[in-house]
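Accompanying notes for the structure given below.
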Amino acid sequence: MTVSQRKIIENIFPTTIAAGGVLLIITGMLFPVFFQNTWFNIIMKIREAITTGDSGHLILASASLNCLSSIQSTVLYMGTILLIFNTELSSRLKPLDVFLVSLVSIVFLHWMDSLIFEIPWEPVSTLLALIISLFLFEKLFVETYNFVQVFIVTVQVFFAFQWLNIMPYFSPYLFGRRDVPYSVKISGIYLNADTVLNFTGFAFFIPFIISAFITATLFISYSRNLQMMKENHIKENEIRDMRAKALENRIYQEVKSLVHDLKTPLVTIRGLNSLTLSENENGKLAEYSERIENSVTKMSDMISSFLYEYSRQKLKASDLISYIRAQLPLEDEKIRFSINIEEDLPDIYINKIRIARAVINVLENAIVVPCKHSYKMINFDMRRAEKGINIIIKDNGIGIDESNLTKIWEIGYSTNNTSGLGLPFAKRIIEDNAGTIEVVSQRDFGTTVTIFLPSADNFEDYGGGEAIENKQYAGNCNN
Amino acid sequence: MKRNVFRIVLIIIFALLLVLVNMPYTKKVEKMVFTLPGLPRPIAEVPVVITSAGQSTDTYIINDISNQLMIRSFFMPQAEVEHMEDMKSIVFAVGYSSLGLKLQGISYEDEKTRIEKLINMAKDNKLTIITVVLGGEQPIDERNEEIIRLVGAQSDYIIGLRGSSNEELLADLAENGNIPLTLVRKVKDISVPFASAFR
């Protein structure tokens, strides 16, 4: 048994498989009880053949007999295989030993069954069919891991070999020595139908044994093709992701150089503005010049934050809130905001522009999410947390299914026809600033996003400095 | 690849061994068995009851042969003593079938008791007992052998198949009981010795 095969077996409900194996063995053992009347019908058909002199009844009797025997053998075989390949036995033994153990177990079960229910079984044909089936199982199961396909192949092998039992030609080779097949054969000989039985036996044995091998080969080829398709699909996805990342990186670099170019006119504005201020130290013009200077400073900060993403500043939590509030679109009358800021919050050490952008992304998600209520309620809370602050954004939208909660961090995943970049971006920014982000959601009840940011005093404890160094080092290497 | 070749070789060896070990599949009869092609004169009278000893389908073959020979017979696979009134002979078609017994709803012990009663009744009323054993390629089954011994030892004439696994047993019974024995090559050939018992 290969490692991958074992993994599959271990992964798909081992207890269920073991229970299925036991159930199949019990069914196989009780098979003669379930189909007692069919067995009796076989005897009746043989009697009818002798009485009427019609060998056609013998063929029908043989078909019924072979169907019953092959199904019983296959059920016992499948039960044993399920049990053996689901226990540690298969991993401890060598493949040939597993083969022999399976062989002996199935023969033993047949023998026990014939002793208990006194229903005849044919050891030679069963043994040969078992050897072929186990050989095919080894080939088939390693490739497909599919018990249904194994069953389809095995039942054909058993059915093919059962036909040898009713052929008078094979009588010297210990085939068909129990009472029912023997009765079929002796009746056939009496009715001068031994050639018919030989021909019928071959006519079923050869096509079914060939069919079993062809079916196994087809299943194996199909499984291999499927595996190849899966691998191709995974590779395609990987290539697509790589292309997307490369594109994202290129756009980012282009935007960065564009933003960098903004600094030049800004320096000119600042220079000229300072000249204006020195010329007019009083009056309205001085006031305007100061305002221009403040705006230029803000804009310069924004550009610096964007260009130097690992640059941080110590600021009050209230400053961050003010900055966020200034940028929030709050025109929609159907949206009600409730903002609660705890007092005496600790200072934080962050890249203000980027963190603000991340929080706004989360807020924008809360704004656009569909809502079943008459108005959208968004609570924006900022509270003190252990060694930092928590920003909690809670909405009463339709929420997210539990199964989709892990997907929200994937780039491109969106349920609102947005770009699907907002949350992955927010997560990256927050983590770059030594923070964390968590999403809890319940379908139809809304979503709560909690962003934790460490206080300036505890920034180092959360690996902030280390993260910055690593990122900068990576950045240097890339450059 | 080597492992696969090894397995295929193993399977071929196994199959060859199976064939070699079992050919010839039955033990050769070591002693000389002298059998009659048929009886020189009839020993049985009609009407005759054809019954089974072991409930195999062989009984139906004997009945068919009897009908073809137009022997006045009554076919009763489960004949009891009370059915034997006015009968002159009894033919036992011996062959044990576990499924046949189940179909009739009787146990092996019931069947043995029925046979013993019939034999005792036949002996008491001086009826002729003819034993026909068609089984040949089956392994010597303990129960089959027991029934053959039970019926064969009390028979007036035994008919069997040459080359069968029962051949030696039938020869022993015939020799010990001084019972005429006919061994035929094919099932169809039973007609001749069977007819010779009545005509």
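Values as computed for the structure displayed
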item	result
Those residues of segment A:369-380 which are under 20 Å from A:LEU423 (Cβ atoms) and either crowded, with 16+ Cβ neighbours inside 10 Å or among the hydrophobic types (A, V, I, L, M, F, W, C) (or both), in sequence order	A:VAL369, A:CYS371, A:LYS376, A:ILE378, A:ASN379, A:PHE380
Any chance A:VAL104 is more than 23 Å from A:THR195 (Cα to Cα), without any contact (Cβ under 8 Å) to a residue 40 or more places away in the chain and assigned by TED's automatic domain parsing to the domain that holds A:THR154	yes
Selection status of A:GLU248, assigned to a helix (DSSP H, G or I) and surrounded by fewer than 12 Cβ atoms within 10 Å (Cβ to Cβ)	no
Residue list for segment A:158-195, filter: modelled with pLDDT of 90 or more, farther than 21 Å from A:ASP54 by Cβ and among the hydrophobic types (A, V, I, L, M, F, W, C)	A:PHE158, A:PHE159, A:ALA160, A:PHE161, A:LEU164
Every residue from segment B:95-128 that is hydroxyl-bearing (Ser, Thr, Tyr) and more than 14 Å from every other protein chain (Cβ to nearest Cβ)	B:THR113, B:THR128
Residues that are surrounded by fewer than 21 Cβ atoms within 10 Å (Cβ to Cβ), within 20 Å of A:SER64 (Cα to Cα) and within 14 Å of chain B (Cβ to nearest Cβ), drawn from segment A:196-233	A:ILE209
Filter result for A:LEU134 (of a type outside the set (D, E, K, R), under 27 Å from A:VAL184 (Cβ atoms), without any contact (Cβ under 8 Å) to a residue 40 or more places away in the chain and within 12 Å of another protein chain (Cβ to nearest Cβ))	no
Residue in segment B:41-67 that is surrounded by the fewest Cβ atoms within 10 Å (Cβ to Cβ), counting only those that are farther than 25 Å from A:VAL180 by Cα and either within 9 Å of another protein chain (Cβ to nearest Cβ) or in contact with a helix residue (DSSP H, G or I) (Cβ under 8 Å, 6 or more places away or on another chain) (or both)	B:PRO42
Cβ pairs under 6 Å, 6+ apart, first in segment A:272-297 and surrounded by 11 or more Cβ atoms within 10 Å (Cβ to Cβ), second at pLDDT below 80	A:ALA286/A:ASN280
Qualifying positions in segment A:62-98 - surrounded by fewer than 19 Cβ atoms within 10 Å (Cβ to Cβ) and within 14 Å of chain B (Cβ to nearest Cβ)	A:SER64, A:LYS94, A:PRO95, A:LEU96, A:ASP97
Output for segment B:68-93, where each listed residue is crowded, with 24+ Cβ neighbours inside 10 Å and within 13 Å of chain A (Cβ to nearest Cβ)	B:ALA93
Identity of the residue in segment A:28-47, facing another protein chain (nearest Cβ under 9 Å) and of a type outside the set (A, V, I, L, M, F, W, C), that ends up nearest to A:LYS185 (Cα to Cα)	A:ARG47
Check on A:SER114, assigned to a helix (DSSP H, G or I) and over 17 Å from A:ALA63 (Cβ atoms)	yes
Residue in segment A:29-46 that is part of a loop (DSSP other than H, G, I, E, B) and closer than 29 Å to B:ASN67 by Cα present	no
Qualifying residue in segment B:103-111 (condition: outside any loop (DSSP other than H, G, I, E, B) and closer than 27 Å to B:ARG185 by Cβ)	no
Residue match in segment A:299-315 (condition: modelled with pLDDT under 85, polar (S, T, N, Q) and under 18 Å from A:SER455 (Cβ atoms))	yes
Filtered residues of segment A:111-131 (kept if more than 9 Å from chain B (Cβ to nearest Cβ) and surrounded by 22 or more Cβ atoms within 10 Å (Cβ to Cβ))	A:GLU122, A:SER125, A:THR126, A:ALA129, A:LEU130
Positions within segment B:168-189 being touching a Leu at 6+ places or on another chain (Cβ under 8 Å), part of a helix (DSSP H, G or I) and within 14 Å of chain A (Cβ to nearest Cβ), in sequence order	B:VAL187
Any hit, segment A:360-375, residues being at pLDDT below 85 and more than 36 Å from the chain's Cα centre (by Cα)	yes
B:SER165 being modelled with pLDDT of 90 or more and part of a loop (DSSP other than H, G, I, E, B)	no
Residue match in segment B:128-142 (condition: surrounded by 18 or more Cβ atoms within 10 Å (Cβ to Cβ), more than 26 Å from B:VAL184 (Cβ to Cβ) and in contact with a strand residue (DSSP E or B) (Cβ under 9 Å, 6 or more places away or on another chain))	no
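Condition check ((1) away from every other protein chain (no Cβ under 12 Å); (2) hydroxyl-bearing (Ser, Thr, Tyr); (3) surrounded by fewer than 24 Cβ atoms within 10 Å (Cβ to Cβ)) across all residues:
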position	(1), (2), (3)
A:TYR145	yes, yes, yes
A:VAL150	yes, no, yes
A:THR154	yes, yes, no
A:SER183	no, yes, no
A:ASP194	no, no, yes
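The values are calculated or read from the model by the stated rules, or taken from the named source; none is laboratory data. Owing to the predicted nature of the structure, the values given are computational and were not obtained by experimental measurement. Virtual Cβ from ideal backbone geometry, glycine too; neighbours counted across all protein chains shown.
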